[in-house]
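Engineer: This is the structure I want to talk about, given as C-alpha cells.
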Amino acid sequence: MLFANHRPDQLVASVVDKPGVFVLGGKDEKTGQIILKVVNPGDVPLETTIRIQGTTKLIPKARVITLASDKATDENTLDEPAKVAPVESIFDAVAPEFQYRLKPCSLTIFRIDTAPMP
C-alpha cells in the first residue's frame, strides 16, 4: 500500500547525486504535492543531494515516510510484526536542490506541498 497510496499522476524530473540510489518524482494533481520516492538499496546511510527540476514553488516543510531496516534480509515475523514498518517525520529544508541523509536499506517518500501559482 505504501507505493499505491503515494502515486503521482504526472512525472517530474528529479535526480540524486549518488550512483545506485534511485528516485522517482511526480506531481499529485489532486493535492498539488510533489511526491518523491527515493530508494537506498545499500547497507550504509548516504548523504545525498536531491534535485527537483521544473518546479520552484516548493514549500520547505515536507512530510516524509521512511521504510527502512539495518539489513536487507530483515522481515516482519509473528514475533516481530513491526520490525520493518513505515515511520513518518517532517523535513523542513526542501528546495529545488537539497541535502538529505538516506537510511540504509530504505525507501523514503517525500510529500512536498507547492505554493499556488499567481
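No lab work stands behind these numbers, since they all come straight from the coordinates. Model, not experiment: these values are computed from the prediction. We place every Cβ from the backbone using ideal geometry, glycine too, and count neighbours over all the protein chains shown.
Engineer: Could you tell me the distance between the Cα centroids of the stretch 9-51 and the stretch 67-118, to the nearest Å?
Structural biologist: Each part's Cα centre sits 11 Å from the other's.
Engineer: Residue separation times 0.36 nm, minus the C-alpha to C-alpha distance between L78 and T49: what's the value?
Structural biologist: 6.7 nm
Engineer: Roughly how many nanometres apart are two label points built 7 Å out from the Cα toward the Cβ at K57 and K30?
Structural biologist: 2.1 nm
Engineer: What number comes out for the charge environment of Q53, summing +1 per Lys or Arg and -1 per Asp or Glu over other residues with Cβ under 15 Å away?
Structural biologist: Summing Lys/Arg as +1 and Asp/Glu as -1 gives +1.
Engineer: If amide H atoms are built 1.01 Å from N in the plane of the peptide, which residues on other chains or at least 5 residues away come under 5 Å of the amide H of T48?
Structural biologist: Excluding prolines and chain starts, which carry no amide H, the hits are Y100, R101, L102.
Engineer: Under a point spin-label approximation (7 Å from Cα along Cα-to-Cβ), what is the K71-A13 distance to one decimal in nm?
Structural biologist: About 4.2 nm separates the two model spin labels.
Engineer: Another question, if that's okay. Please sort by residue number the GluC sites (Glu not before Pro) in the stretch 46-118 whose DSSP state is loop and whose Cβ has at most 16 other Cβ atoms within 10 Å.
Structural biologist: E75
Engineer: Using a 10 Å cut-off on Cβ atoms, rank the peptides 100-108, 37-45 from the highest mean neighbour count down.
Structural biologist: Numbers: 100-108: 18.7, 37-45: 16.1.
Averaged packing, sorted descending, gives the order 100-108, 37-45.
Engineer: Over the Cα atoms, compute the radius of gyration (one decimal) and Dmax (the largest Cα-Cα distance, rounded to a whole number) for the chain, in Å.
Structural biologist: Considering the chain through its Cα atoms, Rg and Dmax are 14.6, 53 Å.
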